[in-house]
Amino acid sequence: MAEPLLRALTRMRGLVLDEQTLLRAVASGRQKGEQPRWRRVELRYVDLKAGRRLQVTAYDETQAHTSNHAPGDAARTAVDALLDEPFGNWHVETTTETHQLRVTKKREAMVHTTPRQEAGGPDKVDQPGQHDRRKPRLLPEDDAVLVALGISDAQGRVKPSRQAKYRQVEEFLRDLAPVVDDAIAAGRVRTPTEGEPLQVVDLGCGNAYLTFAAHRYLTAVRGLPVHTTGVDVKEQSRDHNTQVAEELGLGEAMSFVQGDIGSAELPVRPDVVLALHACDTATDDALARAVTWDAPLVLAAPCCHHDVAAQLRRTPTPAPYTLLTRSGILRERFADTLTDAMRASILRLAGYRVDVIEFVDSKHTPRNTLLRAVRTGAAAGPDAHAELDELTGTWGVHPKLAELLRDRLA
């Protein structure tokens, strides 16, 4: 239920200023008709040589600004200044609970609080302030979804062979949550209701590990009404995922469709499009479909990049870059970077703000790049087309995504 905003923010203030229990706080988004100074702010306590400090990292459109404040008056002043900013969302994690505050259009607060696992359990964290402490888990190891997907065993413990997959799930959810919050607060995505839930579409979902995890987190942890649709070319994937959804009691909230990414018929227009480890140009098909839908949010984790790598093998390397492509392994890695750089550029030309980030450490999976795109509708800079043309011309490559969106980019 909604409550007065000031009362809810005062409660969050007390949690943030408690240096013994705060793990992390994040402010993001904006309130209707207002714009905060920062795009996103993260707060946590760290132990420095000078003693414990409240570390505040504020992000504008181009860079991060970090400041450290001693507990007491300095920390209170910093926190009060941030609480005065018209952020649309506050996410506060403590050693015992996770609190999600969302500001409504009526300037009221909707607060969703969930308990964390008890101390001493498999998800125990170290004391706040330690740089190397384990991150709090967004989905506990014994969550029914993780058990159903075979990531955790019947006793609710992550299987040794599935530790990397679990880490991948967790880090993806950390990247998904803030952009969904920001989009709702900024009005790019309408506030979801039971009658009109947030529509999430996963193109090339496969066995849908991340699909199920994203749905579970957005609904059970964040409290959002969500309908998720998974698309995959394999009939086996559709049948398997449908069965898992039914077993979890999610048959009405999740649906799976067999079809090609570029042409599958869907009954919904998505708010969020996911394309997670679609192989080679299937990622381009998914990105093109998302742009055609004018999807407000797109998150794509590319898999392999064979198409551009093959083009580089057939095309003479421009001077003085022959050392980049002489060795096969370097050519393959360069093809990865070149492909995703062109994809990000094309999405910007199509009216998206794009971040290219590492969403999980490479020691857990080599497929760790995430393209996170938010539709703004803003025109790209005057040199954007020329920069892309110069890049593709220099290397003699033709990105699949540009071909798929030829009419759109013209």
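Yes or no, residue by residue, for (1) of a type in the set (V, I, T); (2) over 15 Å from the mean Cα position of the chain (by Cα); (3) open to solvent by less than 50 Å² (accessible area, probe 1.4 Å); (4) farther than 25 Å from E358 by Cβ:
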{"position": "L146", "(1), (2), (3), (4)": "no, yes, yes, no"}
{"position": "R157", "(1), (2), (3), (4)": "no, yes, no, yes"}
{"position": "P178", "(1), (2), (3), (4)": "no, no, yes, no"}
{"position": "G187", "(1), (2), (3), (4)": "no, yes, no, yes"}
{"position": "D202", "(1), (2), (3), (4)": "no, no, yes, no"}
{"position": "Y217", "(1), (2), (3), (4)": "no, no, yes, no"}
{"position": "R222", "(1), (2), (3), (4)": "no, no, yes, no"}
{"position": "N241", "(1), (2), (3), (4)": "no, yes, yes, yes"}
{"position": "A245", "(1), (2), (3), (4)": "no, yes, yes, yes"}
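Which pairs turn up if I take residues in segment 368-383 that are over 19 Å from G187 (Cα atoms) and look for partners that are open to solvent by 40 Å² or more (accessible area, probe 1.4 Å) and outside any strand (DSSP E or B) with beta carbon separation below 8 Å, at least 6 apart in sequence or on another chain?
That search, which allows pairs on different chains as well, returns N368/D361; N368/S362; T369/D336; A380/R348.
Results for (1) surrounded by fewer than 19 Cβ atoms within 10 Å (Cβ to Cβ); (2) within 17 Å of V233 (Cβ to Cβ); (3) polar (S, T, N, Q); (4) touching a Leu at 6+ places or on another chain (Cβ under 9 Å), shown as yes or no for each residue.
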residue: P270; (1), (2), (3), (4): no, no, no, yes
residue: C279; (1), (2), (3), (4): yes, yes, no, no
residue: T283; (1), (2), (3), (4): no, yes, yes, yes
residue: T292; (1), (2), (3), (4): yes, no, yes, yes
residue: A295; (1), (2), (3), (4): no, no, no, no
residue: A301; (1), (2), (3), (4): no, no, no, yes
residue: C304; (1), (2), (3), (4): no, yes, no, no
residue: D307; (1), (2), (3), (4): yes, no, no, no
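Give segment 391-402 a look and list any residue that's in contact (Cβ under 8 Å) with a residue 12 or more places away in the chain and assigned to a helix (DSSP H, G or I), or say none.
L391, T392, T394, W395, K400, L401, A402
Which of the residues spanning segment 337-359 are open to solvent by 60 Å² or more (accessible area, probe 1.4 Å) and either of a type outside the set (S, T, Y) or under 19 Å from P296 (Cβ atoms) (or both)?
Here is the first cut: in segment 337-359, the ones open to solvent by 60 Å² or more (accessible area, probe 1.4 Å) are 337, 348, 353, 356, 358.
R348, R353, V356, E358, listed by residue number.
Which pairs have Cβ atoms under 7 Å, sit 6 or more apart or on different chains, and link a residue in segment 268-285 that is within 17 Å of L347 (Cα to Cα) and in contact (Cβ under 8 Å) with a residue 12 or more places away in the chain to one that is β-branched (V, I, T) and in a loop (DSSP other than H, G, I, E, B)?
Filtered contacts from segment 268-285: D271/V189; A282/I261; D285/I261.
Between A27, A2, A8, A58, which is in contact with a Lys or Arg (Cβ under 8 Å, 6 or more places away or on another chain), under 20 Å from E97 (Cα atoms) and open to solvent by less than 20 Å² (accessible area, probe 1.4 Å)?
None of the others qualify; the one that does is A27.
Any idea which of G195, G230, G156, G150 is over 18 Å from N89 (Cβ atoms), part of a strand (DSSP E or B), of a type outside the set (D, E, K, R) and out of contact with any His (no Cβ under 7 Å at 6 or more places or on another chain)?
G230
Being touching a residue at least 40 places away in the same chain (Cβ under 8 Å), polar (S, T, N, Q) and within 25 Å of S152 (Cα to Cα), is that true of even one residue in segment 185-202?
no
Among (1) modelled with pLDDT under 90; (2) open to solvent by less than 70 Å² (accessible area, probe 1.4 Å), which single condition is A379 missing?
It fails just one condition, (2).
Going by the conditions given, is D47 touching a residue at least 60 places away in the same chain (Cβ under 8 Å), open to solvent by 40 Å² or more (accessible area, probe 1.4 Å), assigned to a strand (DSSP E or B) and more than 23 Å from A177 (Cα to Cα)?
Yes: the conditions hold for D47.
Does K32 meet the test of being closer than 24 Å to A373 by Cα, in a loop (DSSP other than H, G, I, E, B), open to solvent by 70 Å² or more (accessible area, probe 1.4 Å) and not small (G, A, S)?
So K32 passes the test.
Among the residues of segment 76-108 satisfying the criterion of being touching a Phe, Trp or Tyr at 6+ places or on another chain (Cβ under 9 Å) and not charged (D, E, K, R), which is surrounded by the most Cβ atoms within 10 Å (Cβ to Cβ)?
F87
Which ones in segment 45-85 are touching a Pro at 6+ places or on another chain (Cβ under 7 Å) and of a type outside the set (F, W, Y)? Walk me through it before giving the result.
Of all residues in segment 45-85, those touching a Pro at 6+ places or on another chain (Cβ under 7 Å) come to 45, 52, 54, 85.
Those that are touching a Pro at 6+ places or on another chain (Cβ under 7 Å) and of a type outside the set (F, W, Y): R52, L54, E85.
Being in contact with a Pro (Cβ under 6 Å, 6 or more places away or on another chain) and within 24 Å of K105 (Cα to Cα), is that true of even one residue in segment 13-29? Quick ask: steps written out before the conclusion?
Restricting attention to segment 13-29, the residues satisfying the condition of being in contact with a Pro (Cβ under 6 Å, 6 or more places away or on another chain) are 19, 22-23, 28.
Filter once more, keeping what is within 24 Å of K105 (Cα to Cα): 28.
For segment 13-29, residues in contact with a Pro (Cβ under 6 Å, 6 or more places away or on another chain) and within 24 Å of K105 (Cα to Cα): present.
Considering only segment 64-75, state which residues are in contact with a strand residue (DSSP E or B) (Cβ under 9 Å, 6 or more places away or on another chain), open to solvent by 40 Å² or more (accessible area, probe 1.4 Å) and not in a strand (DSSP E or B).
Listed by number, the residues that qualify are P71, A74.
Considering only segment 247-259, state which residues are part of a loop (DSSP other than H, G, I, E, B) and open to solvent by less than 80 Å² (accessible area, probe 1.4 Å).
L248, G249, L250, G251, A253, G259
The values are calculated or read from the model by the stated rules, or taken from the named source; none is laboratory data. Everything numeric here is computed off the predicted structure, so don't read it as measured data. Here Cβ is always computed from backbone atoms with ideal geometry, including for glycine, and neighbour counts include all displayed protein chains. For accessibility, only protein heavy atoms count, side chains too; no ligands or nucleic acids. Shrake-Rupley method; radii C 1.70, N 1.55, O 1.52, S 1.80 Å.
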